[in-house]
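S.K.: Quick one: structure below, then a few questions.
Please treat every number below as a calculation from the coordinates, not as lab data. Treat the numbers as computed from the prediction; the structure is a model and nothing was measured. With ideal geometry, Cβ positions are generated from the backbone for all residues, glycine too; neighbour counts draw on all protein chains shown.
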Amino acid sequence: MEMQALGDTGVRIHFGEEIDEKIHKQIQRYCGALQEKRLKGVIEWVPSYTAVSVYYRPDQISFSQLKKKLLSIQEEATSLPEGESRSVDIPVVYGGEYGPDLDAVARHARLTPDEVIAIHSQGSYLVYMMGFVPGFPYLGGMDPTIATPRLKKPRSVIPVGSVGIAGGQTGIYPLETPGGWRLIGRTPIRLYDPHRKQPMFLQTGDQITFTPITVQEYDEMTTSEERGSGGVHK
């Protein structure tokens, strides 16, 4: 574990250099220990693929003091039990206007669109981190067979709920934003809603599966979401 300063109000703790489930579990335990300790002067912490960034108030705790406390927390974190992982199913309508890049992904992988759908929907994906915009999950576990480069020219607008592929990753756009991921489908589930008690539908550590649905099912579930009755946590 290595530490480095992030300006004068942050510390980044490195746990490794690769996207790896073991490193992810170490980070999860460490964040759990931070949650228990509630160190004075610490404002928040943000986990990523291989690190945790801790932000603090230097008028309440110095960098050297915080560094010592963070090192001691690491020793305690190794003995913490592994947290439970939620299983979450995400319904997706693939292809057509909902997944305009499905055919391009299929051509790149030398597969049929149906084969791409089968591979994508048969996988199990770990939410390694949340980022980019509120509610955007960075998922690991995609079959490299369907890995496809990003668009050379990003779209100016990506519809809410779009499911995309970028390199060896897959993810879901929770908000209407620009983006360069290859869009293969769309989910009716709202991943981010600031009016919900828990605004973000997914969280770090969740295990995700994708289930193909029809356009009719998509429309029905969209109506259900608009009424506030959607949700597929298992």
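S.K.: At a 10 angstrom cut-off on C-beta neighbours, averaged per residue, how do the peptides 34-41, 70-77 rank from highest to lowest?
M.R.: Top of the packing list down: 70-77, 34-41.
S.K.: Identify all lysines with a Cα-Cα distance to Lys68 below 26 Å; exclude those on the same chain that are fewer than 8 residues away in sequence.
M.R.: Lys22, Lys25, Lys37, Lys40
S.K.: Arranged by the count of other C-beta atoms within 10 angstrom, fewest first, what order do Ser53, Ser64 take? Don't jump to the answer; show the numbers that get you there.
M.R.: Details: Ser53 14, Ser64 8.
Ranked by crowding around the Cβ, least crowded first: Ser64, Ser53.
S.K.: While we're on this one: Roughly how far apart, in whole Å, are the Cα centres of segment 79-128 and segment 161-183?
M.R.: That distance is 11 Å.
S.K.: Continuing with this model, one more query. Between Ser121 and Lys152, what FRET efficiency comes out of the Förster formula 1/(1 + (r/R0)^6) with R0 = 25 Å and r the beta carbon distance, rounded to 0.05?
M.R.: 0.40
S.K.: Using r as the Cβ-Cβ distance of Glu17 and Lys197, and R0 as 35 Å, what FRET efficiency do you calculate, to the nearest 0.05?
M.R.: 0.40
S.K.: Give me the extension gain from Ser53 to Arg107: residue separation times 0.36 nm, minus the current Cα-Cα distance, reported in nm with one decimal.
M.R.: 15.5 nm
S.K.: Still on this structure: Need the list of aspartates and glutamates near Lys67 for cross-linking: C-alpha distance under 12 angstrom, and skip anything on the same chain fewer than eight residues off.
M.R.: Glu2
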